[in-house]
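The values are calculated or read from the model by the stated rules, or taken from the named source; none is laboratory data. From a predicted model like this one, the values you see are computed outputs, not experimental measurements. Heads up, the Cβs are rebuilt from the backbone with ideal geometry, glycines too, and the neighbour counts pull from every protein chain shown. For accessibility, only protein heavy atoms count, side chains too; no ligands or nucleic acids. Shrake-Rupley method; radii C 1.70, N 1.55, O 1.52, S 1.80 Å.
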Amino acid sequence: MENRVTFIVTGLSAAGAQQKIREKLYGVSGVDTVDFNQDKNQLVICGTELERADLADRICDMGFEVLEG
């Protein structure tokens with residue numbers, strides 16, 4: 001079953017931030033797409049069997065602050 005996880009992430013406008021996040025998250029099992037809405041600082045991840053807490057931890061480990069989405 002496909003699901004969708006949305007986060008508000010600070011720092012998405014920094015040079016290379018979106019590419020850095022994409023590269024890291026596409027390596028996670030189950031992740032199919034990683035999209036951004038830069039105007040809203042929103043990150044949307046779609047895939048199967050996604051674990052919200054795991055994804056948030058991975059984003060934080062890259063130096064971004066994750067807020068609820």
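One residue stands out in the stretch 45-69 among those that are charged (D, E, K, R) and either under 12 Å from G11 (Cα atoms) or assigned to a strand (DSSP E or B) (or both): the one that is least open to solvent (accessible area, probe 1.4 Å), namely E65. Cβ separations smaller than 9 Å between residues 6+ apart or across chains give no pair from the stretch 5-16 residues that are over 21 Å from V31 (Cβ atoms) and surrounded by 15 or more Cβ atoms within 10 Å (Cβ to Cβ) to residues that are modelled with pLDDT under 95 and among the aliphatic types (A, V, I, L, M). Among the residues of the stretch 17-44, those that are closer than 16 Å to D57 by Cα and open to solvent by 50 Å² or more (accessible area, probe 1.4 Å) comprise K20, R22, E23, K24, Y26, G27, S29. Please find, within the stretch 1-25, the residue that is modelled with the highest pLDDT out of those that are under 16 Å from F64 (Cβ atoms) and in a loop (DSSP other than H, G, I, E, B). Residue satisfying both the conditions and the ranking: G16.
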